[in-house]
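Notes to accompany the following structure.
The values are calculated or read from the model by the stated rules, or taken from the named source; none is laboratory data. Remember, it's a predicted structure, so these values are computed and weren't measured experimentally. All Cβ positions, glycine included, derive from the backbone under ideal geometry; neighbour counts span all protein chains shown.
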Amino acid sequence: MTFPGLEPAELPADAIEVGRILDAWGIKGWFKVLPHSASPEALFSSKRWYLQPSERGAKTFSGTVLMRVREAKEHSDSVVAQAQDVDDRNAAESLKGARIFVPRSSFPTAAADEYYWVDLLGLNVVNREGVALGQVKDLMSTGPQTVLVVGLELDGKPQERMIPFVSAFIDSVDVAGKLITVDWQPDY
């Protein structure tokens, strides 16, 4: 199934799902996007979005397609965007539910001591004494801070510990070396 303006494409190896299309916005082909992040810079930094149909609902296209974005901007609590060849409300409505992927390589560069969550997932966590505390399985936003959800298997049982991702507890983050060093004891 084809859709005007969307061309079949291979999903880049470093593609990260960054949001999904909620619905049409206005009558000129704009659509509303629900970003998966409170800071949706990845949506703004890339003019090439890769779409996959939603798991449920009507499918206007199949497989992975490339969408060339004309403009994306913040609007209220979401993001609105317009793409090439999506020129009216009907075309925009037909994209409802599509999952949006962007190559990690097109994300804006993070500032010093700032990290994208996706880069922290899977990193090993050790304390200052070199004791392995586990691997980052997830991150949670608790409002004022982010918390690392670190998983480890002890005696054949999965265990989780929560470590606040704040400078008081995080000594260093080495994304390339896949290691986070923390001031945290195994019995916390």
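Which ones in segment 133-188 are small (Gly, Ala, Ser) and more than 22 Å from the chain's Cα centre (by Cα)?
Gly134, Gly156, Ser167, Ala168, Ser172
Does segment 72-93 include one or more residues that are assigned to a strand (DSSP E or B) and among the basic types (Lys, Arg)?
yes
Is it the case, given these coordinates, that Ala111 is of a type in the set (A, V, I, L, M) and farther than 20 Å from Glu7 by Cβ?
It is true that Ala111 is of a type in the set (A, V, I, L, M) and farther than 20 Å from Glu7 by Cβ.
Between a residue in segment 14-34 that is in a loop (DSSP other than H, G, I, E, B) and any residue that is among the hydroxyl-bearing types (Ser, Thr, Tyr), which pairs come within a Cβ distance under 7 Å, given they are 6 or more apart or on different chains?
Within 7 Å, the pairs are Asp14/Ser105.
Go through Ser78, Ser45, Ser106 for me and flag whichever is closer than 27 Å to Met140 by Cβ and touching a strand residue (DSSP E or B) at 6+ places or on another chain (Cβ under 7 Å).
Ser78
Report yes if Val125 is touching a residue at least 60 places away in the same chain (Cβ under 8 Å) and of a type in the set (Val, Ile, Thr), otherwise no.
no
For the subset of segment 144-188 comprising residues that are of a type in the set (Asp, Glu) and closer than 20 Å to Ala110 by Cβ, which member is surrounded by the fewest Cβ atoms within 10 Å (Cβ to Cβ)?
Asp174
Picking from Ser54, Ser39, which residue would you name as being among the polar types (S, T, N, Q) and closer than 22 Å to Met140 by Cα?
Ser39
Among the residues of segment 43-102, write down those that are more than 16 Å from Asp23 (Cα to Cα), surrounded by 13 or more Cβ atoms within 10 Å (Cβ to Cβ) and polar (S, T, N, Q).
Selection gives Ser45, Ser46, Thr64, Gln84.
For residues that are among the β-branched types (Val, Ile, Thr) and part of a strand (DSSP E or B), scanning just segment 126-143, find the one that is surrounded by the most Cβ atoms within 10 Å (Cβ to Cβ).
Val136
For segment 105-127, indicate whether the set of residues that are at pLDDT 90 or above and in contact with a helix residue (DSSP H, G or I) (Cβ under 7 Å, 6 or more places away or on another chain) is non-empty.
No; the residues of segment 105-127 include none that is at pLDDT 90 or above and in contact with a helix residue (DSSP H, G or I) (Cβ under 7 Å, 6 or more places away or on another chain).
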